[in-house]
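Just below is one structure, and these are the notes that go with it.
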Amino acid sequence: MEHDELFNEFLNLLSKKISSMQYSIWFQNSTLVSLENNVLTFKVKNDYIKSYILKQYDQLIEETLNKLNLINYTYEIITEDEIVNNKPVNNNIITNTEIVEPVKQEIKQTSFEIIEESKDPPVERVPIVSNLEPEYTFENFAVGESNQLAFSFAQQVAENPGKLYNPFFIYGKSGLGKTHLMHAIGNKIKENSDLSVLYITSDQFRKDFRNVYSDKKNNIELMKEFNDKYRNVDVLIIDDIQMLETAEKTQDEFFNTFESLRMLKKQVIISSDRSVNDLQLFEERLKTRFQWGLTVEINPTDIDLKIKILKNKINSLKSPLTISDEVLQYIAKTSENNGRVLIGALNRLYAYTTMYPTEEIDLTFAKNALENMLSSGAGTTNSVAKWQKAVADYYNLTVEVLKSKKRTKDIAFARQLAMYMCKMYTEETVERIGLEFKRDHSTVIYAVKEITELIKTDQELNKTINEIKDKLKS
C-alpha cells in the first residue's frame, strides 16, 4: 500500500472511532509528512491542536497503528509553524509495542478535554465570576428535621472542599432549599479560602456547550474559553442537573468535565429534583459517578420548618409591620411544601398593606390578601400524574391514551390542556412535563401558548378548567 493510501486509511479508521465533529476539528485537515524509520509523521495546523491530540487521542492512535499492522511504529506530530521556522519537534512520542490483549480503557469522545499545563510561566486568567447570591448563607438557612442531614453534610463540604464528599449530590422537590444550600456552600468556601467557585445552572452549561459545538467554523478560541470557564475552577456547583436528561451530547461533555475536575481533586456539587436512580435518561457512567461521593435528600417541609422559613424572611425584611403567629400558622398550614410559595405569600401580604394600610397583619387581613393564592386544593397539588388523570377523567380518556401518539382532534386538545395545567399548577419544568408526556419540552411550550391564547376568548374553556380544578379539590 502506498504511503498516502495508508495515511488515508489511518484517518478513515480514526473517523469511525470518534464523532464527525471531533474528527473535523482535530484530524480532518492533517496531512502526511513522512512514513519512514518506523515513524508516522503528520502535520496539523497549530500547537493547540497538536497538544490536544497528544493528550486526548494517544491511545486511539496507538490502536489504529496496530490495525494497520504497523506494530512497532511510533508517531510524531508537527505543526505548520515548526516546518516554516525549522523548529525542533517537541512530541510526547509513545512507542507502540505489540499488544498482548485489547486495552480495556474507556476512550473519552468529547472535543473539549483538558490540555496538559505547559512548563511556560502561567498565563494570568480573567477572574472567574462565581454567580453566587451573597444573601444565601448557612446562617439564614432554616433548619428542621426534613433538611437537617443535608444541612450538616453541606457544612462539612464547605469546610473541606474536594476532600470529604466528592461529588456532593443534593436532591428533592423544587422549592425545598437545594439552591440556597448550594450557594451557602459556595459562599462559605469563598469566605474561608481563595479557591475559585462557579455556580451555574445546567441549562446555562448546555447553552455554553451548544455555543461551541454549533459553531460551523469550529472555533478553537470558543473551546478554550469553555475549558477555561469550567475546567479551571476549584469548585463547580451545577443546579438542576435533570435538565440535561434529554441532552445526550451535553451529558458527554459534562461527564468529561466532571472527570477532569475529579482527577484534580476539585469539588463538584450537584442538585436534582429527583434521586440519581430516577434520572432514567442519564448515561449509566454518569449516574455511577454521581453516587461515588455522597447523595442526600431534602424532604418536604413540616409546619414548624415552614414557620421558621417565614420568620427568617420577616427578620431579613426588617419591616415595622408585625405579623401574628396565627397568620404564620395559617400560611404554613395552607401552603404547599415549597419555600418559594411561602415567601411569595409573605411578599403578597406586604404588598397588600400598601393598598390597605394596617399596623398589624392579623388573620382576617391575611385571608383576604391570600384568598386566591393559598388553598388546600389545586394550588397545593404538585404532581404531574394527578393533573394528567384529572384531565383524562374529565374527557373520559385514560392517561395512557393522553400520553400516546394518537393525534385525533379531541385527544390532541385534551393533551394540550393537560400540559397547560401541569405547567400552571405544578412546580415542574417544561422539560420534566415533556418527559411525563413522552414529548419534547418544545411541545409543552407550544401547548401552553395555544391554551393561553384560547383562554382569552373561550369562556367555555375557562369553565372546563375551573371544573377540573374543583374536582381535584374534592
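The values are calculated or read from the model by the stated rules, or taken from the named source; none is laboratory data. Small disclaimer: the values here were computed from a predicted structure and weren't measured. Quick note on the areas: whole protein, heavy atoms, side chains included, nothing else; ligands and nucleic acids left out. Shrake-Rupley method; radii C 1.70, N 1.55, O 1.52, S 1.80 Å.
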- Taking every DSSP beta bridge that has both residues in the chain, what percent is antiparallel when rounded to the nearest 5? 15 percent
- Item | Coordinate range along principal axes, alpha carbons of the range 395-474, Å, largest first | 29, 27, 25
- For the range 180-304, what is the per residue volume of the convex hull drawn over the alpha-carbon atoms, in cubic angstrom? 120 Å³
- Message: With a 1.4 Å probe and all protein chains left in place, how much accessible area per residue does the chain have, in Å²?
- Response: 53 Å²
- Run the accessible area of the range 301-426 with a 1.4 Å probe and give the carbon-and-sulfur part as a rounded percent. 50 percent
- Task: Express the C-alpha Rg of the range 305-357 as a ratio against the empirical globular expectation 2.2 N^0.38 Å, rounded to two decimals.
- Result: 1.06
- Message: Within the range 162-278, what whole-number % of the accessible surface is contributed by carbon and sulfur, with the 1.4 Å probe and all protein chains included in the calculation?
- Response: 44 percent
- Message: For Cα pairs less than 8 Å apart in space and 6+ apart in sequence, what is the mean separation divided by the residue count of the chain, i.e. the relative contact order in percent?
- Response: 12 percent
- For the range 324-474: Kirkwood Rh in Å [reciprocal of mean 1/r, alpha carbons]: 16.9 Å
- Message: Give me Rg/Rg_expected for the range 1-79, where Rg uses Cα atoms only and Rg_expected = 2.2 N^0.38 Å with N residues.
- Response: 0.99
- Query: Could you give me the ³J(HN,Hα) list for the range 285-296, computed from phi with Karplus coefficients 6.51, -1.76, 1.60 and θ = phi - 60°, whole Hz, x at Gly and Pro?
  - Reply: 5, 6, 4, 4, 5, 4, 8, 5, x, 9, 10, 9
- Message: Using a Debye calculation, one point per C-alpha and no hydration shell, please list log10 I(q)/I(0) for the chain at q = 0.06, 0.09, 0.13 Å⁻¹ in order.
- Response: -0.39, -0.78, -1.24
- Taking amide H positions as placed in the peptide plane 1.01 Å from N, state which residues far from ARG274 in sequence (5 or more) or on other chains have amide H under 5 Å from it. GLY172
